[in-house]
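Report on the structure given below.
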Amino acid sequence: MAKTGPQRYPGASTAYWYQDNYGGNAMESNVIAWHSTEGTSLPSYGGGSSAPNFTAKPDFGAKRLVWFQHFDFDTSSRALRNLAGGVQTNTLNVCQVEIVGTCDPTTHTKWTQAGYPHLYTPELPDWAIRDLAAFAKWAHDNHGVPLTSGLTFKAYPSSYGANGVRMTGSQWTSFKGHCGHQHVPENDHGDPGAFPMAAILTAAKGGSEPQEDDMPTTDEIATAVLKKDNIVRNAVGTPDNEFVTPATVLYRTEVVVRRIEAKLTAQDATISELTKAVAALAADSTAIDADALVARITAAIENVTVRLDVADA
């Protein structure tokens, strides 16, 4: 069968190319089968013996997916089980994509607690959905893969084995569009779990190019909060100056705090010296108990300090 359309996804690395060792069958792919690797790094795939057509690996710093291509788009890959005597799986017009991450909530919790950055397929960030959608749209525009699914993506582990959503042989043979490993007959895997397929396909239908991440930066959020209802300008006593920035507020606040700290330090020193002076005077008088006087003054100061702390809490 002749392969039509571009066979390489733009920008995908071929550093791990396995088609030369595992030739595969030529076909016209009209199905995308999505997987999750259940790891945090690019798998070795047994040197290619169990590799998909593509692997999408997250770059968290750049907020994008890095793509690796292992086989042509229209060449059968090797990530599905294919039992003897049943329907064809890997070779039945299916292009396979592995996403580096996990669909398992237990694994997700463990990695989160350990501080491992990772993709959790039920909760993909917007930038991952954006890049998966870009791939889906490219497959649609260049190979006619429908931007449809019609399947339920069950959460792992209920998606494993006989899960109620796995297709029969005849359903698989006639299927076109997007499915998960959990839907393929003769297989028992449950990945990619509760995959946001609808969100990906919706995004794929919305435009031809991946959109830039439009999340506001930390500075933009801070500016918006401090400028809400003229908080910034009012805080510095210049409500008519629209050019006052959050940095101005912070600087002036710091100046005021330092002045207050200096005054408090001076007051503490003054009170200490006053206490000593009163104590010295009391020592010369037989009518005044010096120790009791010092204790009373100290207690009064501490009482004021406590009340101020409570008022500031």
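The values are calculated or read from the model by the stated rules, or taken from the named source; none is laboratory data. Note that the structure is a prediction, hence the values are computed from the model and not measured. A quick note on method: Cβ atoms are made from the backbone with ideal geometry, for glycine too, and the neighbour counts reach across all protein chains shown. The accessibility values were calculated without ligands, DNA or RNA, using every heavy atom of the protein model including side chains. Shrake-Rupley method; radii C 1.70, N 1.55, O 1.52, S 1.80 Å.
Sub-8 Å Cβ pairs linking a first residue in segment 151-165 that is closer than 20 Å to GLU123 by Cβ and part of a loop (DSSP other than H, G, I, E, B) to a second residue that is of a type in the set (Asp, Glu) and at pLDDT 95 or above, at least 6 apart or interchain, are TYR156/ASP104; TYR156/ASP191; PRO157/ASP104; SER159/ASP191; TYR160/ASP188, ordered by first then second residue. Taking segment 43-64 as the range and being open to solvent by less than 10 Å² (accessible area, probe 1.4 Å) and assigned to a strand (DSSP E or B) as the test, the residues that pass are PHE54, THR55, ALA56.
Residues of segment 1-19 that are at pLDDT below 95 and aliphatic (A, V, I, L, M): MET1, ALA2. Of LEU124, LEU119, all but one fail to be crowded, with 23+ Cβ neighbours inside 10 Å and either in contact with a Cys (Cβ under 9 Å, 6 or more places away or on another chain) or under 20 Å from CYS103 (Cβ atoms) (or both); the exception is LEU119. Total residues in segment 40-88 satisfying the condition of being of a type in the set (S, T, N, Q) and under 26 Å from the mean Cα position of the chain (by Cα): the figure is 6. Kindly indicate whether any position in segment 210-228 is modelled with pLDDT of 95 or more and farther than 21 Å from TYR120 by Cα. No, the conditions are met nowhere in segment 210-228. Whether any residue in segment 79-89 is within 18 Å of GLN182 (Cβ to Cβ), buried (at least 22 other Cβ atoms within 10 Å of the Cβ) and not β-branched (Val, Ile, Thr) is what I want to check. Yes, segment 79-89 has at least one match. Within segment 3-28, residues that are closer than 14 Å to LYS57 by Cα reach partners that are modelled with pLDDT of 95 or more and surrounded by fewer than 14 Cβ atoms within 10 Å (Cβ to Cβ) with beta carbons closer than 9 Å, at six or more positions or on different chains, in the pairs THR14/ARG8; TYR16/SER44.
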